[in-house]
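Chemist: Have a look at the structure that comes next, please.
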Amino acid sequence: MPDRDLGTGMPPTMGNREWALLFVLAMIWGSSFFFYKILVETLPPLTVVLARVGIAAVIMNLWLILRRDFMPASPRLWLSFTVMGILNNVIPFTLIAFGETRVTSGIASILNATTPLFTILLAHWLTANEKLTPAKGGGILLGSAGVAVLVGPDALSSLGHTNLVGQLACLLGAISYAFAGIYGRRFKGLAPLKVATGQITGSSLVLIPLVALVDQPWRLPMPMAASWGAMAGIAVLCTVVAYAIYFQILSAAGATNLLLVTFLLPVTALLLGWLALDEPVGLRTLGGMALIGIGLAIVDGRLLRLLLGRRVGAVV
């Protein structure tokens, strides 16, 4: 299926609706690190990923069938769905689940937040309307600095020194997400729910033989109740609901804007800890959130236009 959005055109922008959806997506995906931590205690990463996408695929296909809104039958389109599923699910989900068996969630969040950096570089070379600009690059760097401030010097000091394999796995997962964001542009015009269902189904079909060969899950002990709860959460909330939102944002606002969500995941985790667990929020936390907020505002462009009193769309 040709990528109809890789030609000329105006740079995609974030409207109020897209920003609202981005924050909702961050709230949902921020919980996935917690669910992964529970699941990898008792299950191997590939099995965790198959269960996540497999449950989601069943739910999403059944929902479309009940609506009598059937998936397209084009083999070429299903090949594109499968490639998207490999880039967006199979590779990053497995690498991050594997990485979280070896690194802290703080390190994982730093490395996951490099996704927009890789995305703007790839988008600059692979697309015609998402070019790297000074304002966009500066906003991304500020957002990255904000994530680093949030997780603190202790987490940063261990980068590159301990559990290098786990760190590289998380970093490669971020790169795969960036490629997926670029590749997913070709589905513009197709209903977001169908794109989400197609790529989740393609992921499941790829993972079934891999898991049967590598993990042989029928030989694994039965998971505990906490694992079943975490699996339901990561499959329904972090996959079914999240991907329905993901492809809406991608269609409207482009890959670079979409993957700004990774900056917000550490913020989400901290806010959930503060609200649900009464964990303290100090000056460093507030400073990191402020840097992330300023970076997002710069990428959005409206703040610069307001401050400068002139149109800077060509720069942003």
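Chemist: Quick check: residue separation of F23 and L126 times 0.36 nm, minus the Cα distance between them. What number comes out in nm?
Modeler: Gain in length upon complete extension: 34.4 nm.
Chemist: Hey, any idea what % of the range 158-226's accessible area is carbon plus sulfur with a 1.4 Å probe?
Modeler: Summing carbon and sulfur atoms, their accessible area is 73 percent of the total for the range 158-226.
Chemist: What is the spin-label model distance, in nm, from E41 to L164 if the labels are put 7 Å beyond Cα along the C-beta direction?
Modeler: Computed distance between label sites E41 and L164 equals 3.1 nm.
The values are calculated or read from the model by the stated rules, or taken from the named source; none is laboratory data. Quick caveat: nothing in here was measured; it's all calculated off a predicted structure. A quick note on method: Cβ atoms are made from the backbone with ideal geometry, for glycine too, and the neighbour counts reach across all protein chains shown. The protein model used for the area step is the full one, side chains on, heavy atoms only, and it has no ligands, DNA or RNA in it. Shrake-Rupley method; radii C 1.70, N 1.55, O 1.52, S 1.80 Å.
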